[in-house]
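Some notes on the structure that comes next.
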Ligand SMILES: C[S@@+](CC[C@H](N)C(=O)[O-])C[C@H]1O[C@@H](n2cnc3c(N)ncnc32)[C@H](O)[C@@H]1O
């Protein structure tokens, strides 16, 4: 997406770095990386990755911080690439987080975001599901997730039976973690329980960043924001 095979000499800010996997990729490409996440367990996971692949590295900082904390973000300075993949819609104040993400982008830098698409009533339904899951007592969470996912699962199972390929459905559970790095059930809980959850239409994001002096770079149907100057 960045149309480069290396990031040597570039600085890279990973907002909501989660496991640290993308920070690791950026570091491997040669960038000086700063990763932060609101969640202490995610920070610990990213640090574990750094310990394994870049022990004692001075060019990769990992710390706790919030995308909603304007003072913290200002204190970080400017970066050539500001990257936030699937994060700002989970902060509870997406538009404030989107605004804060402008602050660390260096002149001529790039901002690279992933935000849930606004699918209208479908998004509203998922918002309700996620909010409800989080408010349920622990004992009811699993049955609720099962009920929510049952229609999709039934469809997938039926499809594999009708196409005389029931093994396909079985594999979708037993081999799932080979590509996804987590079990299918974990992924379902991650999705059903992923709240706060906000969405935006692509044009809303485009207009918002245009108003902040960014220009949109389109590549293979995807969007990258080229920095302000
Ligand atoms: C879906 S995960 C994405 C993680 C990572 N970017 C990736 O793509 O693998 C969302 C992450 O956003 C983090 N997050 C949520 N609210 C945040 C906030 N206010 N500031 C920083 N990170 C936050 C969560 O802790 C979680 O690690």
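Throughout, read-outs are computed from the coordinates displayed, never taken from laboratory work. Because the structure is predicted, anything quoted here is derived from the model rather than measured. We place every Cβ from the backbone using ideal geometry, glycine too, and count neighbours over all the protein chains shown.
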Listing 212, 89, 34 from the residue with the fewest other Cβ atoms within 10 Å to the one with the most, what is the order?
212, 89, 34
Sort all Cα-Cα distances of the chain into consecutive 5 angstrom bins from zero, then give the percent of pairs in each bin up to the one containing the longest distance.
1, 6, 12, 15, 16, 16, 13, 10, 7, 3, 1, 0
Label points 7 Å out from Cα along the Cβ direction at residue 95 and residue 3: separation in nm?
3.2
Between helix 40-53 and the chain, what is the angle of the helix's C-alpha long axis to the longest principal axis, kept within 0 to 90° and rounded to the nearest 10?
70
Can you divide the C-alpha Rg of region 103-148 by 2.2 N^0.38 Å and report the result to two decimal places?
1.84
Could you give the angle, 0 to 90 degrees to the nearest 10, between helix 121-135's Cα long axis and the longest principal axis of the Cα atoms of the chain?
90
Relative to the present Cα-Cα distance, how much length would full extension add between residue 74 and residue 203 at 0.36 nm per residue of separation?
43.7 nm
Relative to the longest principal axis of the chain, what angle (0 to 90°, nearest 10) does the C-alpha long axis of helix 202-211 take?
10
Rh (Kirkwood, all Cα-Cα pairs) for region 136-197, Å, reads 12.9
Whole-Å distance, taken between Cα centres, linking region 1-55 and region 124-157
32
